[in-house]
Amino acid sequence: VRDAETVTLVDVARRAGVSLATASRVMNGSDRKVSPELRERVVGAARELRYVRNANAQALAKARSAIVGVIVHDIGDPYFSEILRGVESAGEGTGQLLLVCDTHRDLERELEYLTLLHAHRASTIVIAGSGHEDRAHNAAVGTRLDAFVNGGGRVVLIGRHHYAGDAVLPDNRGGARALVREVLERGHRAVAIIGGPPHLTTTHDRLDGCRLAFADAGLAFDSACVVDGDFSRESGEAATHALYARGGEPTAIVALNDEMAVGALTALRERGLRVPDDVSLVGFDDIPVAADVTPALTTVNVPLNHIGEVAMRLAREPASDGSRIEHVAAQVVIRASLGKRSLLKP
Amino acid sequence: VNRTENRAHDPAVRERVMDAALELGYVPNAAAQRLRGRRNRTVGVIVRDVGLAANAAVLRGIREVAHGANYLMVVADTKRWCMDEPRWVQRFHEQRVELVVIAASGVDDTDYTGAMAEAVGAFEADGGRVVVIGRHDLDVASIRVDNVRGAYDLATSMLAMGHRRFGVIGGNGKLTLNRDRLSGVRAALADGGIDLDRDVMYLEGAFTREHGNAAARHLTMQKKPPTAIVGLSDDLALGAYRALREQNLAVPRDVSLGGIDDLAPARALQPALTTVSYRHLEIGARAMRAALDPYLGHDAVEVHYELALRETVAAPREQRTHRSRSRSSRRTDEACATPRR
């Protein structure tokens, strides 16, 4: 048994085998119904662990503001701008105050922002940035989110995170699988992929979808076809140049987001290659500019505004026992940048 | 309170609300204070719409310098409820945020300016530092760009191409940003013998792609549509760009289009957007540096601009001007035209 000071409601819930919300209802005297059997288990667990309610946290919870904190990886990335627009429009007229934190994909900074939002008495934290494949970091995030939820805050996650909470899940894997299927069906075999940051779950899931599409078509997937990008426009441009510099001759380039695809388009133009006559190019997300570039970009529509709206809807509903997961479909949008493989080319 | 601040025209009511708000700012939350120590290395940034490309670039600039100096950056988005801005300054004050950057245009409104002056005054009196971007009527450090001259140069370059029929798409008319850019266009056209207020269709709205799109549609539906459209921001011009394409009007062959800002999408388009390059990344970076530099005092830092003459502005087609009186003849003409490339 740990020191009573550090025992949190999360520990109590775990020991009792109930959700945090249930434990909170029992310990904080909510008037929502909890069965006598569950109540007894929670009270028993609290006694065993010598749990003491944190009055400070409770005072804060009561004085909770209308602040909604949104954590993004890059505030300049249209992907996040569009999600934020959805969050805003869902909050219109509710007096919601939006506070955006930009981690620039720095793990340590993400933790600092979580602490800061807690201290700013935010009512809700939306983690709009992708989850990480990093165990130690996820544990640290979990501790902070638990403390926040414990104090009465609401958490909503966008994308796949290693934290049990309400979440909005775009179908990154299915979208990538459908996208690459379209590429392969047009005869492309020399396919290069511009990947995202390797530790992000979004990158993982999208790459996984690409792999599945190859398997579906009975083709071998060579991971050497993946060049590194970091989801920025500049990295898409650099990766494309690197691809050709090392002697690659793809007939199709798949960028794992639109920003990198737009960067790739610039690089291809500089190299005198025509899209899609010489090489096809596809992106992912369907940010507004995807339809405006020439040729217009074939991509996967991720309804970003909608995702932001759904996240806020989840945040406003009363906390439930389990985590609510809202799945959001991702649809391929065929535009001019994807063509058939030229028969004159290898 | 929000509603009251925005809508109350009765001065007595407003005063009561303001007093209450100020009082809230001066009464620190004890529980919160126990959790925190001294003033923390955080910059609070206030914007009106993080979704606008111009704001995104400024925020990236601020972030670069802030993170480099080991400061956290929190961005408050007021969704164009500008009376929330003084309240955000107070909230930041209360949370012991050290620096505040107001990355939103000044507003020509005495209530707004008064409330802001009070909030930033209290914040600075308590050892914080505030920097504003753009023309604000506030006694704090500022980052300035010459919006009047930038817009003047753009419109002048379009006049020089031979355009006489203009359409202008603006954002919120109360913003100093909009006023300055509009007066630049007005002055340029006046030099060319055109009276903006009498002879030019000017459509005001919000600084969004959506408004640019709707306004451009409206302009092209006119009996004598303009041969040149000026968007007072790139977001407006990008909306117009798409509207023109959707109506099968070729840019710049059928209509010339100019924006102001020079954001990343402006260069990615084909044809690339003619615009005024305001270097938003640099503006953001300079603002953060000014916030970190107490020796700057309340000085203004000027960031220069240049005209980015790209591909969306060309000479008007004189024959087309005569033939395009009716929409049907325009269609025929369009169908007969040889496609480029």
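The values are calculated or read from the model by the stated rules, or taken from the named source; none is laboratory data. This is a predicted model, so every value here is computed, not measured. When we count neighbours, we look across all protein chains shown, and the Cβ atoms used for this are built from the backbone with ideal geometry, even at glycine.
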Residue within region B:138-148 that is of a type outside the set (A, V, I, L, M), touching a helix residue (DSSP H, G or I) at 6+ places or on another chain (Cβ under 8 Å) and in a helix (DSSP H, G or I) present: yes
Selection status of B:D293, without any contact (Cβ under 8 Å) to a residue 24 or more places away in the chain, over 17 Å from B:A57 (Cβ atoms), in contact with a strand residue (DSSP E or B) (Cβ under 9 Å, 6 or more places away or on another chain) and surrounded by fewer than 16 Cβ atoms within 10 Å (Cβ to Cβ): yes
Top-ranked residue in region A:280-320 [being at pLDDT 95 or above and of a type in the set (D, E); ranked as surrounded by the fewest Cβ atoms within 10 Å (Cβ to Cβ)]: A:E309
Qualifying residues in region A:97-115 (those that are touching a residue at least 40 places away in the same chain (Cβ under 8 Å) and over 17 Å from A:G196 (Cβ atoms)) - the one farthest from the other protein chains (Cβ to nearest Cβ): A:L114
Single residue of region B:252-273 satisfying the filter (within 12 Å of chain A (Cβ to nearest Cβ), assigned to a loop (DSSP other than H, G, I, E, B) and of a type outside the set (S, T, N, Q)) that is nearest to A:G76 (Cα to Cα): B:L263
Enumerated strands (runs of 3 or more DSSP E) restricted to region A:138-256, each holding at least 2 residues that are without any contact (Cβ under 8 Å) to a residue 12 or more places away in the chain and of a type in the set (A, V, I, L, M, F, W, C): none
Among (1) modelled with pLDDT of 95 or more; (2) within 19 Å of B:R181 (Cα to Cα) - the single one B:A285 does not satisfy: (2)
Filter result for A:V227 (in contact with a helix residue (DSSP H, G or I) (Cβ under 8 Å, 6 or more places away or on another chain) and within 23 Å of A:S130 (Cα to Cα)): yes
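For every residue, the table says whether it meets (1) touching a residue at least 40 places away in the same chain (Cβ under 8 Å); (2) under 24 Å from A:V72 (Cβ atoms); (3) within 14 Å of another protein chain (Cβ to nearest Cβ).
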position: A:A267; (1), (2), (3): no, no, yes
position: A:R271; (1), (2), (3): no, no, no
position: A:I287; (1), (2), (3): yes, yes, yes
position: A:D292; (1), (2), (3): no, yes, yes
position: A:T298; (1), (2), (3): yes, no, no
position: A:A315; (1), (2), (3): yes, yes, no
position: A:V328; (1), (2), (3): yes, yes, no
position: A:V332; (1), (2), (3): yes, no, no
Of residues in region A:116-134 being part of a helix (DSSP H, G or I) and within 7 Å of another protein chain (Cβ to nearest Cβ), the one nearest to B:M73 (Cα to Cα): A:L116
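Working carefully through the options B:W81, B:W88, find the one that is within 25 Å of B:E118 (Cα to Cα), in contact (Cβ under 8 Å) with a residue 24 or more places away in the chain, aromatic (F, W, Y) and more than 8 Å from every other protein chain (Cβ to nearest Cβ).
B:W81
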